[in-house]
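*Asks:* To start, I am sharing the structure in question, which I have written as structure tokens.
The values are calculated or read from the model by the stated rules, or taken from the named source; none is laboratory data. Predicted, not measured: the structure shown is a model, and the values here were computed from it. We place every Cβ from the backbone using ideal geometry, glycine too, and count neighbours over all the protein chains shown. Accessible surface is based on the protein model in full, side chains and every heavy atom, while ligands, DNA and RNA are left aside. Shrake-Rupley method; radii C 1.70, N 1.55, O 1.52, S 1.80 Å.
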Amino acid sequence: MRTGFGWRGIAMAVSVPLIWGTGLVFAKAAVDQFPPILLMALRFSLTALVMVWIVRLPRRHLPALALIALVGATIQYSLTFTGLAGLDASTAAFVLQLEVLLIVLLGGLFLKERVTGRKWAGIATAFAGLVVLAGEPRIMENPDAFLLVAGGAALWAVGQVMIRRLRGDIDGLAVTAWIAVFAAPQLFVMSFIFEEEQVNSLATAGWVVWASVVYLGLVMTALGYWMWNTLIRTHPVSAVAPFLLLFPVFSAAGGMVFLGETLTLQTALGSLVVLAGVGLVLVEPPADG
């Protein structure tokens, strides 16, 4: 497994948080029209319909991919985007930094990666920042949304560890495509069970909302996850994850520009503490000598 990045790798690693951060802003706008789980079902359906024809069938990986889709896509996105409906895109993006911390923890538990004292200190710092965020008045008005997004972040981290544990020659393109194939019908079932007004939301959706679905399906998922899955299949997670620090920056900027969101002092303070903690976890000091 490679540990360094060439120019292509760096471009991919920076593009992922840009695409995902922008996608969170589009999704925030779209959940005003579609029930959140239905939106995710449409997203992954579009991804699957476009990608399934250009990748081979990974027969021996299908059971594992079905389970990854259930945990790391269906349940995870149901939680995350249901929570997003009650939070600003910028605030949700900072809460989602839990993903990075939990990848490190789970990597230590299941991938035998070493968790140093410095990393434990960073994890504690980041959780302190989340406590500050959780006390922000806008979040206190809807604590369930905060908990849903945090729960989604935890399951996303679990899903990434499951992807890392895949053995064999399956590549990032195939992982992305077949997770979408399995996740789409699972999400439609989840939407049928837990949501209402699906038919009306589809009938009354305008072109801007459908454009958001296209972005989520083709750019955020097909392109973004192809690059991400390629990176984590070919580089250590600890080398790739620091680039996700850019994710909330792009989301906050997009939320303020396109959605008219504001960044309160408490949100800014809590977010900085979270980022400081994540930085302690991911940025290793230079070796002596």
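*Asks:* Between R59 and R8, with labels modelled 7 Å along Cα→Cβ, what's the label distance in nm to one decimal, could you check?
*Replies:* 3.0
*Asks:* Once phi is turned into θ = phi - 60°, what whole-Hz ³J(HN,Hα) does the Karplus curve with 6.51, -1.76 and 1.60 give for every residue of segment 27-34, x standing for Gly and Pro?
*Replies:* 5, 4, 5, 6, 6, 6, 9, 9
*Asks:* If you split all Cα-Cα distances of segment 140-189 into 5 Å bins from zero, what percentages do you get per bin, shortest first?
*Replies:* 5, 16, 16, 22, 18, 11, 7, 4, 1, 0
*Asks:* Moving on. Which value, in debye to the nearest 20, gives the size of the charge dipole of the chain about its Cα centre, when Lys and Arg are +1 and Asp and Glu are -1 at the Cβ?
*Replies:* With only Lys, Arg, Asp and Glu charged at Cβ, the dipole is about 1200 debye.
*Asks:* Another question about this same structure. Leaving out ligands and nucleic acids, note down the accessible area per residue over the chain with a 1.4 angstrom probe, in whole Å².
*Replies:* Heavy-atom SASA per residue in the chain reads 44 Å².
*Asks:* Moving on to the next point. Divide, for segment 211-276, the radius of gyration over alpha carbons by 2.2 N^0.38 Å, where N is the residue count.
*Replies:* Taking N as the residue count of segment 211-276, the ratio is 1.37.
*Asks:* Okay, moving on. If the chain between D32 and A253 were fully stretched, how many nm would it gain, using 0.36 nm times the residue separation less the Cα-Cα distance?
*Replies:* 77.6 nm
*Asks:* Please work out the FRET efficiency for the pair L265 and I193, using the Cβ-Cβ distance as r and a Förster radius of 45 Å; give the result to the nearest 0.05.
*Replies:* Between L265 and I193 the formula returns 0.65.
*Asks:* Quick one: which of 149-161, 38-50 comes out on top by average Cβ neighbours within 10 Å, and what's the full order, highest first?
*Replies:* Put in order of decreasing packing, that is 38-50, 149-161.
*Asks:* Can you give the FRET efficiency to the nearest 0.05 for V214 and R118, using r as the Cβ-Cβ distance and R₀ = 30 Å?
*Replies:* After rounding, the FRET efficiency stands at 0.10.
*Asks:* Of the accessible area of the chain, with the probe set at 1.4 angstrom, what percent is carbon plus sulfur?
*Replies:* Answer for the chain: carbon and sulfur cover 70 percent of the accessible area.
*Asks:* Let me ask another. With a Cα-only, solvent-free Debye model of the chain, what are the log10 I(q)/I(0) values at q = 0.07 Å⁻¹?
*Replies:* Here the Debye-derived log intensity ratios amount to -0.24.
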